[in-house]
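What follows is a short report on a single structure.
The values are calculated or read from the model by the stated rules, or taken from the named source; none is laboratory data. This structure is a prediction, so every number in the text was calculated from the model and none was measured. All Cβ positions, even for glycine, are placed from backbone atoms using ideal geometry, and neighbour counts span all protein chains on display. For accessibility, only protein heavy atoms count, side chains too; no ligands or nucleic acids. Shrake-Rupley method; radii C 1.70, N 1.55, O 1.52, S 1.80 Å.
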Amino acid sequence: MNQPLNQKKSLILGIETSCDECSASVMDAETFHVLSLATFSQIQIHRPYGGVVPEIASRNHLETINPMMEEARAQAGIQWSDISAVAVTNRPGLVGALLVGVSAAKAFSYARDLPLIPVHHLEGHALSPWLDQTDATRPGAKPGSYPMLIAIVSGGHTNLYVAKEPPENWPVDFLQSSCVGRSRDDAAGEAFDKTAKILGFPYPGGRWIDQTARGGNPKAFDLPRGLNQKDSTDFSFSGMKTATLNLVQKLQKAEELETRLSDVCASIQEAIVDALVTKIFRAVQMNGCKTLALVGGVSANSRLRARLDAEWKSAGLAHEPFFPKMKYCTDNAAMIAAAGAVRFKQGHFLRIPETLSLNAWANPNH
Ligand code: KG4
Ligand code: ZN
């Protein structure tokens, strides 16, 4: 561990390539103001395969990482010499994809003799509520009272964390010591995407289910709510695939699938949202949380937002839930710069020659 730094103004370059978004960002480490965010999404490239193809993802990152870094620099209106440190996601994710970002970050920090900060992707998501608070979607609501529940609900993760203090005081084992709930199998976004695939929607299918569910009856079909014991704050979504497949086959046989599609989508959505809302509010109550932030791609779901908006008071929250802007909810390098800033100020960064041995890890527990 290095000595904590205390510089007046420091700009951090964030780099994120853990899955199918190639992203670079410049952020002010003191204010968490995002000066720039350049992201290339590979969704269209993977769509024909119905999911992310790891080899294609890493090859595409190789082509887009330099242009994204240059775009982030230009958008921020700075010179490369203005950067004080580099933060990069090095775990967890697709290892070939991670290695592209890690190699770019190592080369950049070596060439300019800059500190290099390895970042856990989920710590990035957990920090996203603090980004650019002034341009949050609902300026009235912001993170700040503690304990605060942070729900990361994405295509790869469904995890609940309790932040007892502001990020600068988070211990290095924050992700282990403050996790109060997680999915034991599929993530919520995965449940949306896999059931959408069964229904023939393009990848990623969450937003198609959301759209098609409008006007449908959420109680039309009874789909499973996994792990619904009274005291559980863990999730299980793996039962959704078989239940949906059985329902679809039954409706196809009766030639009713087309006419009941919005009922099917509304019922799938309700089962996933119900499980999320129940466990999120249970975790709020069990941990005496005063605020709640919802991050990750699934936070775009209209039914999930409506339920959280309607029920936050009765769940005992002091403030309405906080939803960061969508560009900070989906995978992005600004949140990696934010997590990097926290660890940088605590002294957790690498310098030459340790920078050269930084590796990437697929495993979230590394
Ligand atoms: O956070 P994210 O962009 O990527 C990672 O997984 O890291 O999340 C993508 C997930 C996908 O599963 C996608 O289907 C889901 O977010 N999603 C939605 C909606 N918009 C995106 N799920 C439900 N309703 C939506 N409106
Ligand atoms: Zn993510």
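Mind checking the range 223-292 for trypsin sites (Lys or Arg not before Pro) that DSSP puts in a loop (not H, G, I, E or B) and that have at most 12 other Cβ atoms within 10 Å? Mind dumping the intermediate values first?
Numbers: sites: Arg225, Lys230, Lys241, Lys250, Lys253, Arg260, Lys279, Arg282, Lys290; in loops: Arg225, Lys230, Arg260, Lys290.
For trypsin sites (Lys or Arg not before Pro) across the range 223-292 that sit outside H, G, I, E and B with at most 12 neighbouring Cβ atoms in 10 Å, the list reads Lys230.
Over the Cα atoms of the range 58-131, what Rg and Dmax result, in angstrom?
Spelled out, the Cα radius of gyration and Dmax of the range 58-131 are 12.7, 32 Å.
Do the alpha carbons of any pairs in Lys106/Lys279; Lys250/Lys313; Lys250/Lys325; Lys164/Lys327 sit beyond 32 Å of each other, and which pairs? Kindly include the intermediate steps, with their values, before the conclusion.
On the way: Lys106/Lys279 40 Å; Lys250/Lys313 40 Å; Lys250/Lys325 40 Å; Lys164/Lys327 26 Å.
Where the Cα-Cα span goes over 32 Å, the pairs concerned are Lys106/Lys279; Lys250/Lys313; Lys250/Lys325.
With springs only between Cα atoms under 10 Å, which of Ile209, Ile45, Ile150 fluctuates most in a Gaussian network model of the chain?
Top of the fluctuation ranking is Ile45.
Summing -39500 (n - 2.57) over the DSSP H runs of n ≥ 4 in the chain and dividing by its residue number, what mean residue ellipticity at 222 nm do you reach, to the nearest 500 deg cm²/dmol?
Details: 12 runs with 144 residues, N = 366.
Helix-only estimate at 222 nm: -12000 deg cm²/dmol.
Let me understand the range 247-366 better: what is its radius of gyration from the alpha carbons, and its Dmax, in angstrom?
Gyration radius and largest Cα-Cα distance of the range 247-366: 20.8, 67 Å.
For the chain, how big is Rg over Rh, using alpha carbon atoms and the Kirkwood form of Rh? Spell out each step's value before the answer.
Values: Rg = 20.7 Å, Rh = 21.0 Å.
Ratio of gyration radius to Kirkwood radius: 0.99.
Could you identify which residue out of Asp210, Asp309, Asp186 has the top mean-square fluctuation in a GNM of the chain using Cα springs shorter than 10 Å?
Asp309
Could you give me D for the range 148-238, from Stokes-Einstein at 25 °C and 0.890 mPa s, where the hydrodynamic radius is the Kirkwood radius over C-alpha pairs? Units µm² s⁻¹, please. Mind showing how you got there, number by number?
Details: Rh = 15.0 Å.
The diffusion coefficient I find is 163 µm²/s.
Around Ala38, what is the net charge, scoring Lys/Arg as +1 and Asp/Glu as -1 over all other residues with Cβ under 10 Å from its Cβ? Kindly include the intermediate steps, with their values, before the conclusion.
Values: positive: Arg73; negative: Glu70, Glu71.
So the environment of Ala38 carries a net charge of -1.
Where does helix 302-311 land angle-wise versus the long Cα axis of the chain, in degrees 0 to 90, nearest 10?
So the inclination is approximately 90 degrees.
Debye calculation, C-alpha points only, no solvent: report log10 I(q)/I(0) for the range 181-324 at q = 0.09, 0.10, 0.13 Å⁻¹, in the same order as the q values.
The computed values of log10 I(q)/I(0) come out as -0.27, -0.34, -0.56.
Using a 10 angstrom cutoff on alpha carbons, build the Gaussian network for the chain and name the most mobile of Ala76, Ala38, Ala191.
Residue with maximal mean-square fluctuation among Ala76, Ala38, Ala191: Ala76.
Assuming R0 = 35 Å, can you tell me the calculated FRET efficiency for the pair Ser357 and Ile45, based on Cβ-Cβ distance, to the nearest 0.05? Spell out each step's value before the answer.
Numbers: r = 32 Å, r/R0 = 0.91.
The calculated FRET efficiency here is 0.65.
For the chain, what's the relative contact order in percent, using C-alpha pairs closer than 8 Å and at least 6 residues apart? Mind dumping the intermediate values first?
Working: 811 pairs, mean separation 97.2, N = 366.
RCO, the chain: 27 percent.
Carbon and sulfur together cover what percent of the accessible area of the range 181-324 at a 1.4 Å probe radius?
On the way: 3100 of 6510 Å².
For the range 181-324, the apolar C and S fraction of the accessible surface comes to 48 percent.
Could you calculate, for the range 252-296, the ratio of the Cα radius of gyration to the Kirkwood radius, expressed as Rg to Rh? Don't skip to the end; give the middle numbers.
Working: Rg = 16.4 Å, Rh = 13.0 Å.
With Rh from the inverse mean 1/r over Cα pairs, Rg/Rh is 1.27.
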